[in-house]
């Protein structure tokens, strides 16, 4: 029984990470109809930036928030400089640009930092924490906590601030937003900035577990796709919930079902994607697309 | 009185298709001007051209300044509110959020609360549906919301694109009554594009008649209303 | 370009391709064979995604299916090489059609996701069925010798075979796409509801297009197995499918010549990138990709089409402006 609870908590921790990346994907998808395939690599690159800062002697939390700022700025810059020239072009054209970004970030990281795995520190203590009779890893609990704080911040931002409202409007109806004086292009840029920030958090939370290397986020991106598919690409909250479910599912399946060892763990993600698409493509919380004839 | 909005030799096109072939028109400060014409005459395109939503060449002057070629967001912030064809409400946001967004382009934050109150006074039905999603409102209510949202900008010029489209006559009359009130009370100039000529001429000071991208007649609304030949040929009654 | 001019150009290109083996090394020839193979695969994908609007991120799976079909037929059952192509084509036709049926319910992003999942699963599935596929080690083949005593080495023979297959398949595709079928397929892409309202059986067409598209890619896979003489699971990873997508977008969607242009791009640009920078070649490749999309957002073929159309329109406008006007002398 204790093992099950541990697995669930552990699953929630990784699930929170999947959900965060899924959230970043959904945020950009809702505003632009494009899935940013480079989201994982951007997060990985942000994590390397954090590593650089920590290695230079900066305290963890200084590096953490510094990375968030740099990632935000980076995201805004990428949207304004790299994506803007193809705004309004066919979706596949924009997808190819994202793939270009993916490849560039991955290659740059490997070139600058080499492909050797590096350890990445966790800000949470090494000692496991006892709650009742169950033992939890401090990092697992910490990761869940950080994820929740980030999500709360985002929710409050979008729900209660004027800028957040303007961004929601720009994502839903760019033409009408312009008629309200909203600079839609900049709203998109800020969206990318926020998505990059969320990705950076996910990267910094997962790096202590899987070790930092340029291909770190590839598998996580796939789990993020599964999470967003499960939750619904039209629902940010759903993406997060989807992530949590996938995380728990992956952990439990890996522990209790014998033939799913580490190699076939990815199959869980794929199975989730396919099952959801067969039965309810819009996901648990997503809205089915209504086509006007 | 100098014209608030003046267009000269305005051409407009969608991609390769030319829709406006050099039109001239003006809206006097404090007045209501209407552009009439059949479907496809280019009326909606005219409003879009004023707002910078289509490719244009020619001159558009707002308060003496040339605004042709500027981005829509920038033009809006000068005080031009556009209620587009099809209302353009944010259907997944609440009524209140729609109105808040209308005020986004204002130059000053002062008076927003006041304007909320004013808008709820003009359109009491919106006050009772403050927290409802805009998409759940009826057609007439959405039209009112669209006009209200435009008012939240505290605009000097209001562009209305076929507000009567798809609405019951009673609702249409109500909306036009409110537009006339707004024009008088808040000194908002209006450029009204309409297919329903009789009701438009009922509130307008000046009228233009448009046919396949060209202005074919213009003058005081009274004149157009009384000219039999024009009336029969273009307005059908 | 007028019809005759185009025919002359094509014949000139064919002539050039026919004498190529005299001028280049075996390795270069191998690369050009790869270009032709990719072109066939890309034409397959283009039929589905460009002409029919169904996005597939999983065509690597059909490529793999074709390749392994050929490999198993030759290695395990010692069947003649010539049989592998139609066998791969047929098998993939059926597989594609069967996949196309549940895919009917999916659109845009969701279809992309489903095919993406398929592509991800391929290497694992291949490794799992070891007895058939030889597992991670793969299957080694020997290149076929030129028949009938022709004075060609295997690389040259394979080059001509691939070229011939490409020609046949391209002509077939062109006839298919230029006729009623093509128009129906495109109509479904542009407005499926309207197409259905006009009596087009969208479900049947969509599934069939999936099947044919898979068949083309499968034949290409079989050809590649013969040319490379080796198949292994890790070559058929998700990156292959993504590369195919890159190929059709860069080459030009809904364009037959685009498939060949795309084939050149995906074969040679990674090599150029490596020449420029040994340290981070994929970064250079990424930059190439992005710049290409800036300059030619509709692909090479698409951009050419646009420029031609623009020039034609300007010529028409100029002609209309100088033409004498009937009626009154007043300007309009």
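If you plug the beta carbon distance of residue A:155 and residue A:175 into 1/(1 + (r/R0)^6) with R0 = 22 Å, you get a FRET efficiency near 0.25. Note that the protein assembly as shown, at 20 °C in a medium of 1.002 mPa s, gets a Stokes-Einstein diffusion coefficient of 70 µm²/s from its Kirkwood radius over C-alpha pairs. In segment C:183-332, inverting the average of 1/r over every pair of distinct C-alpha atoms gives 19.4 Å as the Kirkwood radius. Shielding value for B:89-101 is 4, the average number of Cβ atoms from other chains within 10 Å of each residue's Cβ.
For segment A:153-231, state the average projected area of the convex hull of the C-alpha atoms over all orientations, rounded to one decimal in nm².
On the way: hull surface 26.0 nm².
Its average projected convex-hull area is 6.5 nm².
Adding -39500 (n - 2.57) for every DSSP H run of four residues or longer, then dividing by how many residues chain C holds, sets the calculated 222 nm ellipticity at -25000 deg cm²/dmol.
Between Rg and the Kirkwood Rh of segment B:132-237, both from Cα atoms, what is the Rg to Rh ratio?
Numbers: Rg = 14.8 Å, Rh = 14.9 Å.
Radius of gyration relative to Kirkwood radius: 0.99.
What is the mean number of Cβ atoms from other protein chains located within 10 Å of the Cβ atom of each residue in peptide C:97-107, rounded to a whole number?
Details: counts 0, 0, 0, 0, 0, 3, 1, 0, 4, 3, 3.
Neighbouring Cβ atoms belonging to other protein chains average 1 per residue here.
Only alpha carbons enter this Debye calculation for segment B:62-200, each as an equal point scatterer, and the log10 of I(q)/I(0) it gives at q = 0.16 Å⁻¹ is -0.81. Size descriptor for segment B:44-97, Kirkwood hydrodynamic radius: 12.3 Å (Cα pairs only, one decimal).
With no solvent and one equal point scatterer per Cα, compute the Debye intensity ratio I(q)/I(0) for segment C:107-199 at 0.11, 0.13, 0.16, 0.24 Å⁻¹ and report its log10, rounded to two decimals. One equal scatterer on each Cα of segment C:107-199 leads to -0.73, -0.90, -0.99, -1.06.
Run the numbers on chain A and let me know its relative contact order in percent, using alpha-carbon pairs under 8 Å that are six or more apart. Let's see the in-between values first.
Details: 453 pairs, mean separation 102.5, N = 293.
Once normalised by length, the contact order is 35 percent.
If you wrap the Cα atoms of segment C:24-295 in a convex hull and average its projected area over all directions, you get 15.2 nm². Projecting label points 7 angstrom from Cα along Cα→Cβ for residue B:165 and residue B:187 puts them 3.2 nm apart. Whole-percent P(r), segment C:146-185, all Cα pairs, 5 Å bins from 0: 6, 22, 16, 14, 11, 10, 8, 7, 5, 0.
Viscosity 1.306 mPa s, temperature 10 °C: give me the Stokes-Einstein translational D for segment C:147-216 in µm²/s, with Rh taken as the Kirkwood radius over C-alpha pairs. Mind showing how you got there, number by number?
Details: Rh = 14.4 Å.
Value of D from the Cα-based Kirkwood radius: 110 µm²/s.
The simple spin-label model puts a point 7 Å past each Cα toward its Cβ; for residue C:76 and residue B:59 those points are separated by 8.1 nm.
If you take the alpha carbon atoms of segment C:201-255 and fit the smallest convex hull around them, that volume is 106 Å³ per residue. In terms of its Cα atoms, chain B spans 48, 38, 37 Å along the principal axes, sorted from long to short.
Legend: P(r) of segment B:5-141 from all alpha carbon pair distances, 5 Å bins from 0, whole percents, reading 2, 9, 16, 18, 17, 15, 13, 8, 2, 0. Give me the Debye-computed log₁₀ of I(q)/I(0) at q = 0.16 Å⁻¹ for segment C:129-250, equal point scatterers on Cα only, no solvent, two decimals. Each listed q maps to, in turn, -0.98.
Once C-alpha pairs closer than 8 Å and six or more residues apart are averaged by separation and normalised to the residue number of segment C:24-295, the relative contact order reads 39 percent.
Using 16 Å as the cut-off for backbone N distance, which residues of segment A:108-145 belong to the label zone defined by a point 7 Å from the Cα of residue A:1 along Cα→Cβ? In segment A:108-145, the label zone of residue A:1 (backbone N under 16 Å from the point 7 Å along Cα→Cβ) covers A:131-135. Seen from all directions on average, chain A presents a Cα convex hull projection of 16.9 nm².
Springs join every pair of Cα atoms under 10 Å in this Gaussian network model of chain C, and among C:51, C:38, C:294 the largest mean-square fluctuation is at C:294. Among beta bridges from DSSP that stay inside the protein assembly as shown, the antiparallel ones total about 60%. Within the listed set A:256, A:115, A:37, the Gaussian network model of chain A (springs between alpha-carbon atoms below 10 Å) gives the highest mean-square fluctuation for A:256. Using a Förster radius of 60 Å, what is the FRET efficiency between residue A:80 and residue C:142 based on their Cβ-Cβ separation? Nearest 0.05, please. Efficiency, rounded to the nearest 0.05: 0.65.
Post the alpha-carbon centroid distance, segment A:68-115 to segment C:268-309, in whole angstrom. Comparing the Cα centres of segment A:68-115 and segment C:268-309, I get a distance of 15 Å. Comparing C:91, C:307, C:158 in a Gaussian network model of chain C where C-alpha atoms under 10 Å apart are linked, the largest mean-square fluctuation is found at C:307.
Of interest is the spacing of the C-alpha centroids, which for segment A:118-183 and segment C:160-213 amounts to 46 Å.
Annotation for segment B:160-190 versus segment A:32-47: alpha-carbon center distance of 48 Å.
None of the figures in this text is laboratory data; all of them are computed from the coordinates on show. Values in this document were obtained by computation on a predicted structure and should not be read as measured data. All Cβ positions, even for glycine, are placed from backbone atoms using ideal geometry, and neighbour counts span all protein chains on display.
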